[in-house]
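Read through the structure below, which is laid out as structure tokens, and then see the notes.
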Amino acid sequence: MKKYLCEFLGTCVLVLFGCGVAVFSGADLVATSLAFGLSIIGIAYTIGKVSGCHVNPAVTFAMWIDKRISTKDFIGYIVAQVAGAFAGSGLLALIINSTTIADYKLTGLGVNTYAELSASNITMLGALVVEIILTFVFVLAVLGVTKDKKRENVAPIVIGLALVLVHLLGIKLTGTSVNPARSLAPAVLMGGDYLSQAWVFIAGPLVGAAFAALAIFFIDLEPSNAITLEEGKVEPKRVEIKLEPKRVEVKEEPKKEPKAVSKSEKKEPKKAAPKKGRPASKTKTKKN
């Protein structure tokens, strides 16, 4: 239950601060990108060890495809994330309405759009492709940096910077979703045409996440084998088996050669000694 609560709170903070900065800064490119990136960094260091800090149904979907979480957690995470996104959007709407700026219906809630509702007037197909690409890049970074536990200290920074990167490209195009929960909640509160366009920002990130999960599977195929060889000590066993017969052969050859030489050397001096002694004895007898 703690995991789901963390996902709820994390998504709430992400939507509140990310979309809030987008609203009050007039969707400023740098400010909005940093708001989303810094939010994910802070959240990840806070709840990362409890839930993994997905705060994004697309990330959870990719983790489920990669078999890092169970189906039960997959469902629980998504429910918590969507609820957290609605809580964050609701708080943002309350804050906007408490000011003299305007009603949240006029300022918007950082909702994602395309066609005539967007600043770039991007087509529906263009928006779908953009969201697939941006989510693919972002989720690929998430899956890659969280694959090795040794990188857990730097993972939040890498993920946060990856989120900044995709926002720098996507804000002026679609507003950058890469997160179905972050797009669904503002669209529901805004209603009308905004809600009718929400499917693009749900389908696009999910498709991009699925591609990222498949890509990381094939990319990580060789490195994972290398890691298991080192950890499972498979390589040292193979090296020992190959070296043992070589060492035995080298030791046996020099042992046989010196034995044959030493025997021949010992026999030769024994035969030479009596030959020198016999002629000396014969000369003495003749003189006498």
Any hit, region 118-127, residues being surrounded by fewer than 17 Cβ atoms within 10 Å (Cβ to Cβ), assigned to a helix (DSSP H, G or I) and β-branched (Val, Ile, Thr): no
Residue that is nearest to Phe8 (Cα to Cα), among those in region 91-103 that are surrounded by fewer than 17 Cβ atoms within 10 Å (Cβ to Cβ) and in contact with a helix residue (DSSP H, G or I) (Cβ under 8 Å, 6 or more places away or on another chain): Leu91
Any hit, region 112-123, residues being on the phi > 0 side of the Ramachandran plot, in the same structural domain as Phe36 (by TED's automatic domain parsing) and without any contact (Cβ under 8 Å) to a residue 24 or more places away in the chain: yes
Residue check, Leu195 in the same structural domain as Tyr114 (by TED's automatic domain parsing) and either within 24 Å of the chain's Cα centre (by Cα) or within 26 Å of Gly48 (Cβ to Cβ) (or both): no
Residue selected from region 165-209 under the condition assigned to a helix (DSSP H, G or I) and among the hydroxyl-bearing types (Ser, Thr, Tyr), by the criterion surrounded by the most Cβ atoms within 10 Å (Cβ to Cβ): Ser183
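The values are calculated or read from the model by the stated rules, or taken from the named source; none is laboratory data. Since we're looking at a predicted model, the values are computed, not measured. Here the Cβ is made from the backbone with ideal geometry for all residues, glycine too, and neighbour counts use every protein chain on show.
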